[in-house]
1. Might you let me know whether the stretch 154-166 holds any residue that is surrounded by fewer than 12 Cβ atoms within 10 Å (Cβ to Cβ) and assigned to a loop (DSSP other than H, G, I, E, B)?
2. Specify the residue that is farthest from Gln444 (Cα to Cα); the eligible residues are those in the stretch 299-338 that are among the acidic types (Asp, Glu) and either free of Cβ contacts under 8 Å to residues at least 24 places away in the same chain or surrounded by fewer than 20 Cβ atoms within 10 Å (Cβ to Cβ) (or both).
3. Consider only pairs whose beta carbons are under 7 Å apart and that are at least six residues apart or on different chains; among these, list those whose first residue lies in the stretch 341-359 and is free of Cβ contacts under 8 Å to residues at least 40 places away in the same chain and not assigned by TED's automatic domain parsing to the domain that holds Leu281 and whose second residue is basic (Lys, Arg) and more than 7 Å from the ligand (Cβ to nearest atom).
4. Just give me the residues in the stretch 339-379 being surrounded by fewer than 17 Cβ atoms within 10 Å (Cβ to Cβ) and more than 18 Å from Val418 (Cα to Cα), in sequence order.
5. Residue under question is Ile116, and the condition is that it be more than 30 Å from Gln58 (Cβ to Cβ) and surrounded by 12 or more Cβ atoms within 10 Å (Cβ to Cβ); does it hold?
6. Would you be able to say whether some residue in the stretch 250-267 is surrounded by 12 or more Cβ atoms within 10 Å (Cβ to Cβ) and touching a residue at least 24 places away in the same chain (Cβ under 8 Å)?
7. Tell me, yes or no, whether the stretch 403-411 has at least one residue that is at pLDDT below 95, near the ligand (Cβ under 8 Å from one of its atoms) and farther than 23 Å from Arg340 by Cβ.
8. Restricting attention to the stretch 217-226, does a residue exist that is surrounded by 13 or more Cβ atoms within 10 Å (Cβ to Cβ), touching a residue at least 60 places away in the same chain (Cβ under 8 Å) and not in a loop (DSSP other than H, G, I, E, B)?
Amino acid sequence: MFTVATMVGLGGFSFWYLDRALASSRRRTMEAREDRLVEFVNAWPNSGSPVPLVRKLQQLTLAIASTDIIQIYDLNGRIVYSSPGPSDLKVPWPNQDCTERCYGLVRQNAHRIRTINHVITLDGQRYRLSLSGKIDEHFDVLNAIRNSYFLVCPLMLLLSVGGGFIVSGRALEPISRINVEAQKIGIQELQRRIPVPETGDELQTLTVTWNQLLERLEIAVERLTQFTSDISHDLSTTITVMMTTAGLALSRDRSPEEYRIALQNINVECEATAELLDTLLAIARADLVHQKIEWKAINLTDLVIEVSQQFQPRAIVKGQTITLQVEDEIWTNGDLSLLRRMTSILLDNAIKYTPESGIVTVSLARRQNSLELRVSDTGIGIPEHAIPRIFDRFYRVEESRTENEESNGLGLAIAKWVVEAHRSTIDVVSKPGQGSTFTVSIPQVAQTEHTDAAYAPLS
Ligand code: ADP
């Protein structure tokens, strides 16, 4: 609709403008012709006998060979001179005195004639000049243009509509392709990717972004599947052990001592399962995006000392030494139970993966813009290939598995979540056979005034 209106408007304007331009050019030519006539007659040399006006006008007509008709009347309307030419171009004097130029456009015998009528002075006398010229060519040109416009316009319209369809079809084609491909992607086909159109525009960027999103989803779903199967495996193993122990104990009459041992074994498995469920709950809690952290001012110095003391008996049993290098009165803002849990996990691992008579060092210090909690040990260390994965859920380094130690590969995953929830970072440096150092950096901004301390050391 807009295109049609534009075409009609543009066509109308061009037609009107051309008409005006042609008319004004014709008018200027006729005015120039009149000026030349007056000048020609009045500038005639006066030497010798005077030349009659009619002769001068005849000379002029011969000299300029124009198709315009010149007619000169005296002021009483009697014809004085009329240039040769078809009689149907000779237009009568209008009903006006025309002391100023009178312009006219008349139709006569299927001709269109433009006229100038003017009272002029020739050889000192006043005459009426009537100039008339055919302008049929002018209208022929306009008609030809109008006709061609009527022919070309619908054609152009058809072309632009057709072209528009083709162009928009081509432009939308990649979108339809993306649509079709996207519909094929379900939870089972997350490895599929949308073909990236080489359009170099937003569409290409959008497709790349979608593919990145799919990649992240694929990894997340893979982890979740792995997580579920690991839990199922762990739980079913424990339940099988409990059922077998109970079944064996009940298969025949046993002494109270035998029943006690069986129940003890079942109790150990129950405790392990309870611990696993506890950890899973913590993970589920960590997964809640809107998990609410109970921010409080915490005396980190006291917390670290307290947790280290709790691990002291285990270290003694293993013949290990826990060394404390803790600066006084270090406070931070955070969730008390989460920070305690994170510190316990690091200490638990340090003791677990350090052989007898090893040393575990716990340090807490102020750095330029942060607080630094470090747990290092002289233990078995972590192979280089495993370092990027130790913070993944259920990841355990094969070589470090021990018969007697509890291990489910969830500790560091929880520790990392706690650290990130406190807008902090955790790093590890480790060498197999030499030991590992875990460093938690808490930004200075997390520190606060310690007026409403939430931490109360366990007695
Ligand atoms: P878990 O200790 O229950 O297996 P974690 O997530 O706490 O699970 O640790 C993942 C793995 O990282 C452990 O299985 C162990 O191989 C390795 N690891 C963690 N801490 C240490 C450490 N201090 N020394 C050596 N290896 C460690």
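1. There is no residue in the stretch 154-166 that is surrounded by fewer than 12 Cβ atoms within 10 Å (Cβ to Cβ) and assigned to a loop (DSSP other than H, G, I, E, B).
2. So the first thing to find is which residues in the stretch 299-338 are among the acidic types (Asp, Glu), and the list is 302, 306, 327-329, 335.
Then keep just the ones that are either free of Cβ contacts under 8 Å to residues at least 24 places away in the same chain or surrounded by fewer than 20 Cβ atoms within 10 Å (Cβ to Cβ) (or both); that gives 302, 306, 327-329.
Details: Asp302: 18, Glu306: 22, Glu327: 15, Asp328: 16, Glu329: 14 Å.
Selected residue: Glu306.
3. Glu356/Lys318
4. Pro355, Glu356, Ser357, Ile359, Ala365, Arg366, Arg367, Gln368, Asn369
5. Working: more than 30 Å from Gln58 (Cβ to Cβ): no; surrounded by 12 or more Cβ atoms within 10 Å (Cβ to Cβ): yes.
Answer is no for this residue.
6. Within the stretch 250-267, one or more residues are surrounded by 12 or more Cβ atoms within 10 Å (Cβ to Cβ) and touching a residue at least 24 places away in the same chain (Cβ under 8 Å).
7. Scanning the stretch 403-411 turns up no residue that is at pLDDT below 95, near the ligand (Cβ under 8 Å from one of its atoms) and farther than 23 Å from Arg340 by Cβ.
8. Initial filter on the stretch 217-226 (surrounded by 13 or more Cβ atoms within 10 Å (Cβ to Cβ)): 217-218, 221, 223, 226.
Now restrict to residues that are touching a residue at least 60 places away in the same chain (Cβ under 8 Å): 223, 226.
Next cut, not in a loop (DSSP other than H, G, I, E, B) only: 223, 226.
Within the stretch 217-226 (the criterion being surrounded by 13 or more Cβ atoms within 10 Å (Cβ to Cβ), touching a residue at least 60 places away in the same chain (Cβ under 8 Å) and not in a loop (DSSP other than H, G, I, E, B)), the answer is yes, since at least one residue qualifies.
The values are calculated or read from the model by the stated rules, or taken from the named source; none is laboratory data. These figures come from a predicted structure and were not determined experimentally. Ideal geometry is used to build each Cβ from the backbone, glycine not excepted, and the neighbour counts take in all protein chains shown.
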